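Worksheet: the structure to be examined is printed underneath.
The values are calculated or read from the model by the stated rules, or taken from the named source; none is laboratory data. Worth saying up front: this structure is predicted, and the values here are computed from it rather than measured. Heads up, the Cβs are rebuilt from the backbone with ideal geometry, glycines too, and the neighbour counts pull from every protein chain shown. Side chains included, ligands, DNA and RNA excluded: accessible areas come from the protein's heavy atoms. Shrake-Rupley method; radii C 1.70, N 1.55, O 1.52, S 1.80 Å.
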Amino acid sequence: YVGLAGAILPSEDDEPGASPASGRRLAGGAPGVTTGFCPVSLAGQIDFANTCYSLFGTQRTSTNKRTISENDPWTVFGNTYTATLIASYEADSFAITSTTGYLNWHEEYIKSDALPITEQTAVLDQKTWQISQDFQIASTGKRKLDWMAGIYLSCANIDNPTYTQAPIQNGNFIAKNDADTRTIQGYLQLDYNISPQFTITAGARYLHEYNSKVGGTWKDVNQNWIVDDGDITQAFLDDSITQDALTWKVGLNYRPTPRTLIYGSVTHGFKSGGYIAPSVATNTNQLLPYKGEHIYAFELGWKQSLLNDAINFTTSVFYYKYKDLQTNQQQLVGNLNINRFANVPHAN
């Protein structure tokens with residue numbers, strides 16, 4: 001069997017919420033006058049209660065959390081192209097499947113902060129492409145031991161230059177980011193059917209990944225929207241990281257009846273680390289990579305079908321324990337509120 005699927009997704013044109021930069025000074029400020037920092041801003045939160053003021057002495061007035069811009073909402077334009085090629089061969093006891101994928105994504109957006117007098121406006125033009133290949137071989141039919149094994153490879157590139165106008169910094173800034181990712185993974189899953197009612201599942205995946213980044217921020221002295229000899233380098237990074245991780249899952253499924261499933265599982269998962277691409281970086285430390293995220297997940301659940309599948313009932317209890325949780329954070333750099341991606345050491 002060979003199948004080909006492709007898609008040109010509709011163009012996107014919308015106006016999501018404004019930037020969370022929404023005031024960072026205490027009341028009493030005036031244009032050019034520095035007052036103490038607002039506790040909400042220092043905590044890295046959005047000022048939905050409208051207690052903070054900008055450096056120019058202005059304040060948000062809207063309480064709408066989805067469209068918080070009073071003066072200049074975000075505008076987004078995007079196009080996506082995808083293609084998938086699937087080839088498979090099935091024998092009496094096993095099946096081989098090859099899946100090849102391609103993605104090309106282009107997005108442009110203009111965003112401003114949520115203040116009556118704009119402190120910061122950014123124009124971003126992001127291009128992403130990815131090609132992936134998965135080879136899989138698996139047993140067919142219900143046997144005492146069912147199995148599946150495979151290898152996955154992926155190559156991706158992100159190029160997202162940003163131009164930022166920041167009146168409070170008395171200048172405009174150019175950020176360039178060229179990031180590459182190369183991934184190879186191998187995986188294996190075994191399902192041992194102890195009886196028609198009990199099945200033990202065990203699986204593992206090994207990941208090896210290479211990430212690289214070349215980019216930085218320049219102050220656009222000539223204000224010509226390109227980096228040239230007259231511009232001032234604020235931050236620059238030419239770096240790479242290599243990541244290796246072994247993830248796994250162990251689970252038990254119990255089917256007392258054909259329409260009842262009781263299950264439990266313990267899983268160790270991993271999300272790759274990488275590089276951030278801030279619209280404005282004032283020093284190279286802001287461009288350093290964030291670490292990979294680990295999770296240990298414990299889950300017990302029950303699924304039940306009733307009245308000939310007219311009603312489906314599902315319930316579960318679970319506990320997640322994270323190490324180096326990846327999350328968006330706000331960082332105050334001078335007079336700018338910088339959104340960055342970083343790690344929280346522990347989370348439950």
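For the stretch 100-247, what ratio Rg/Rh do Cα atoms give with a Kirkwood hydrodynamic radius? On the Cα set of the stretch 100-247, Rg over Rh gives 1.22.
Computed over the alpha carbons of the stretch 184-342, Rg followed by Dmax gives 24.1, 75 Å.
With every protein chain kept in place and ligands, DNA and RNA left out, what is the accessible area per residue of the stretch 189-348? Probe 1.4 Å, answer in Å².
Working: 9110 Å² over 160 residues.
Heavy-atom SASA per residue in the stretch 189-348 reads 57 Å².
A straight Cα-to-Cα reach below 29 Å connects K213 with the lysines K111, K127, K176, K271, K291, K323, residues fewer than 8 places away in its own chain not being considered.
Sorted into 5 angstrom bins from 0, the C-alpha pair distances of the stretch 216-282 split as 3, 12, 12, 11, 9, 8, 7, 7, 6, 6, 6, 5, 4, 3, 1 percent. Approximating the spin labels as points 7 Å out from Cα along Cα→Cβ, the F318-to-F77 distance works out to 4.0 nm.
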